[in-house]
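Contents: one structure, followed by commentary.
Read-outs throughout are calculated quantities, based only on the coordinates presented, and are distinct from any laboratory measurement. This is a predicted model, so every value here is computed, not measured. Every residue, glycine as well, gets a Cβ built from its backbone with ideal geometry; the counts of neighbours run over all protein chains shown.
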Amino acid sequence: MSNNTIKVKVSRYNPEIDKEGKLVEYTLEKEPGMRILGALKAINAQGANIAYRYGCEEWECGSCAIHVNGMPMLVCKTEIQDGMVLKPLPDLPVNRDLIVDRTKYFKKQDELYQKPEKLTGQELTFENQEKMWKSITCMECGICLAACPILHTTGKSYDYSGPEYMVQLHRLDSDNRRQKNALQTSVKEGIWECTACKYCEESCPQRVPILQDIIDLRGKIMEDQSTLVPETIRTLNTNLVRYSNAYGKQKSERSAWADGLDVPLIKDGEKELLLFVGDAEAYNKRDQATAQAFVKILKQAKVSFGILGDEEANAGDPALKTGESGLFEELAGINIANFKKFNVKKIVALSPHDYQTIKNEYPKLDGKFEVVHYTQMLDELIQCGKIKLSKKLNMKVTYQDPCFLGRYNGVYDAPRNVLKAIPGLTLVEIANPKEQTQCCGGGGGGNWLDVRAGERLGERRVGQAVATGAAILAVGCSFCVAMFEDAVKTKGYEEKFAVKQIAELVAEAM
Amino acid sequence: MNIIVCIKQIIDTAIPVRLYKIDPAINRVIVQKDFNLIVSDYDRNAMEAALQIKDKQGGKVTVLSLGAKSAFDAIRECVAMGADEGILLNDPTFDDANIFATAYTLSQAIKKIGPFDLILCGRQEGDWDAGQVGTGIAAFLDIPVATAAASIECKDGKIEVQRVVSDGRDIVELSLPALVTVSNEIGSPRYPVLKRVMAAKKKEVPVRTAQDIGVDPNMIGPAAVRTKIVNLSVSVQEAKCEYVTGETPEQAGVNLAVKLKAGKLI
């Protein structure tokens, strides 16, 4: 066997003979830079006769999408690796082997986009062409539909037709040649259900800014037709306007969580570090425990830190993701002004949503600050020996990668390092970890939406967590806590399973 | 259709009562510096009703408020929602206006504004919950009135109003001009994006004084007081928790029912 010999598994299915698909292993020689498509051709040259679909071979036509190791990809674009598992796209009828019937996708596409419509007689403006051109590159491969976690829940818990159609509606909305009501249609097709987990956009072979398109559409609805915005989202933004927090609580009670803990305020003298607490950790009883645990750790590690106290405002993520960009700028402006006023050098955020927003959105508003998520800080403190973990926690734990920490920012190792450093704790990986992480359902305004009957994202994920045999689902985000704790209750796992923030586990182990 | 919406700026009803302070000498709530002031919730429903009508058949929506200078913000929020004009009634002689004087002053201002088809008010204020100003205005203007509207429909120069009543809906028809007080069933108010609120801050909102609208001094101020606050205090909330148990869940249920019945709660 040469060094270039690799093995791959391919799902084989012939509807005339098989009840279901089965994985068959093939061995082949890998040429340098060989794509999956090349590998399939090589396997068939051995006489395997695998059915697969392809067209252009230059990732333009979108016909060759399949599931590779559980993630949707184009076979003509992705390099073949040893041990890859190749399956057809999920939740579609399989014609044979890797070929699926995508009629369902195309029908919806026609229904939304190609139906006969009135033309305005205008020519396309340059401004609108600019808005449209990225959406135009969508090749309808269906990869985003295969990625979107909402589309794979069972029951009618969500009314969402999927990211690809939102891109098409964005294109339609920007096109001044057509008379349309793309905004109303997007609401009918469930635009408010998107949790901004970004799996669609990250999987898109053409790098269409899918999530940005969705947020742009939401922004237009918010601005021009706010009666089409779910009432709870309207209340969310009204709360952010009135109180600078999402929960409609008084500004003067923002630091009540720290009563009796002797937490220093940043305005009382310069500190090395600003602890950005966030709304949930400041106001929700459950999440206050996270802030309190983290403060205990920082104090024990003798870190010089302070909080903004009642002057902290929501970082702005919920406003941004629900399309209220003006409100986002207002909230970010409050925080940026305070960071500058108090000469903040480094920030640690408890919520991945605040971390992402400060890290990647504030610089656009002239607010560049060094910011880390609290799990990154814990990793650092443990590695340099400032935190001593002496108590054994004999438990099996699995970990949920928060979308805004993992997929948005590529932070996968730090939280795992922290968990592995806890004596006695065994970390087991959940299905679909890291890049494949499955959203809890709390992002993009999801935390504030009413849920219907049927399987929720959180329930689906908690089911996967329980299946690992772990007793604890460790998380690093307050939305995950809210969604998963609900799911633990609704699925009846309360007696054997719990959700904990990593900060709580570390504080316990000290 | 020409619509006038009367709104009131009030202390944010989300502020917990425990933070309230009362000046016992004058029986008034002391508005503290960090208290938010908002457009009374039912008045926002009235705004929504006006904008729904405007969306359907066009027209003009004018917002009218009697209050302190701070009420400029409340009026401008309504402009951001979609109102065309705003007017603030502000005069030292309007201070401490009671229900009677408020209704009278608003009706005088409305007479000055000129011809109108419909006046909309919230079914009651979010702070005092009296719910008398709307009907008061209608009485002073001598026009038909319907209260607690869940829907308003325009039909051949008339309106059909569905009123919220304890056992369903009353459907009444009113000739115009008329006054309708609006309930939350009309639909939750639209959300004005912050960009619009900022733009509305530039909108000029004229102030009208007692002299401008021509009020009879005997109808406002102390001379016109029809109601008197005898005592105002912050209520103390107490919660006592008792766990009702039983040998079986069924027995616990029975025990709970017995307790509730003894307490005349069921």
Which number in (1) crowded, with 23+ Cβ neighbours inside 10 Å; (2) basic (Lys, Arg); (3) within 24 Å of the chain's Cα centre (by Cα) marks the one condition that residue A:234 misses? (1)
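Okay, residues lined up against (1) free of Cβ contacts under 8 Å to residues at least 60 places away in the same chain; (2) aliphatic (A, V, I, L, M):
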| residue | (1), (2) |
| --- | --- |
| A:314 | no, no |
| A:321 | no, no |
| A:327 | no, yes |
| A:332 | yes, yes |
| A:336 | yes, yes |
| A:339 | no, no |
| A:343 | no, no |
| A:350 | no, yes |
| A:353 | no, no |
Taking the condition of being of a type in the set (Asp, Glu), within 12 Å of the chain's Cα centre (by Cα) and surrounded by fewer than 19 Cβ atoms within 10 Å (Cβ to Cβ), how many residues in the stretch B:118-172 meet it? 2
Please enumerate the residues belonging to the stretch B:192-206 that are more than 8 Å from chain A (Cβ to nearest Cβ) and either assigned to a loop (DSSP other than H, G, I, E, B) or without any contact (Cβ under 8 Å) to a residue 40 or more places away in the chain (or both). B:201, B:202, B:203, B:204, B:205, B:206
Heads up, the helices (runs of 4 or more DSSP H) in the stretch A:124-212 (entirely inside) with at least 1 residues that are touching a residue at least 12 places away in the same chain (Cβ under 8 Å) and farther than 21 Å from residue A:70 by Cβ are A:126-136, A:163-174, A:182-188
Give the stretch B:1-23 a look and list any residue that's over 13 Å from residue B:41 (Cβ atoms) and either free of Cβ contacts under 8 Å to residues at least 24 places away in the same chain or within 14 Å of another protein chain (Cβ to nearest Cβ) (or both), or say none. B:15, B:16, B:17, B:18, B:19, B:20, B:21, B:23
Taking the stretch A:218-231 and the residues there that are in a loop (DSSP other than H, G, I, E, B) and at the interface with another protein chain (Cβ under 9 Å from one of its Cβ atoms), the one that is surrounded by the fewest Cβ atoms within 10 Å (Cβ to Cβ) would be A:225
Filter result for residue B:115 (buried (at least 23 other Cβ atoms within 10 Å of the Cβ) and assigned to a loop (DSSP other than H, G, I, E, B)): no
Hey, could you check the stretch B:163-190 for residues that are over 26 Å from residue B:111 (Cβ atoms) and among the β-branched types (Val, Ile, Thr) and say which is nearest to the other protein chains (Cβ to nearest Cβ)? B:186
Wholly inside the stretch A:64-121, strands (runs of 3 or more DSSP E) that include 1 or more residues that are over 21 Å from residue A:202 (Cβ atoms) are A:94-96
Kindly provide the set of residues from the stretch A:485-510 that are closer than 30 Å to residue A:386 by Cβ and either touching a Lys or Arg at 6+ places or on another chain (Cβ under 8 Å) or of a type in the set (A, V, I, L, M) (or both), ordered by number. A:498, A:499, A:502, A:503, A:505, A:506, A:507, A:508, A:509, A:510
Going by what's in this entry, would residue A:458 be described as in contact (Cβ under 8 Å) with a residue 12 or more places away in the chain, under 30 Å from residue A:231 (Cβ atoms), surrounded by 19 or more Cβ atoms within 10 Å (Cβ to Cβ) and touching a Lys or Arg at 6+ places or on another chain (Cβ under 7 Å)? no
Conditions (1) among the small types (Gly, Ala, Ser); (2) on the phi > 0 side of the Ramachandran plot; (3) crowded, with 17+ Cβ neighbours inside 10 Å; (4) more than 14 Å from every other protein chain (Cβ to nearest Cβ) -> residue A:269 fails only (3)
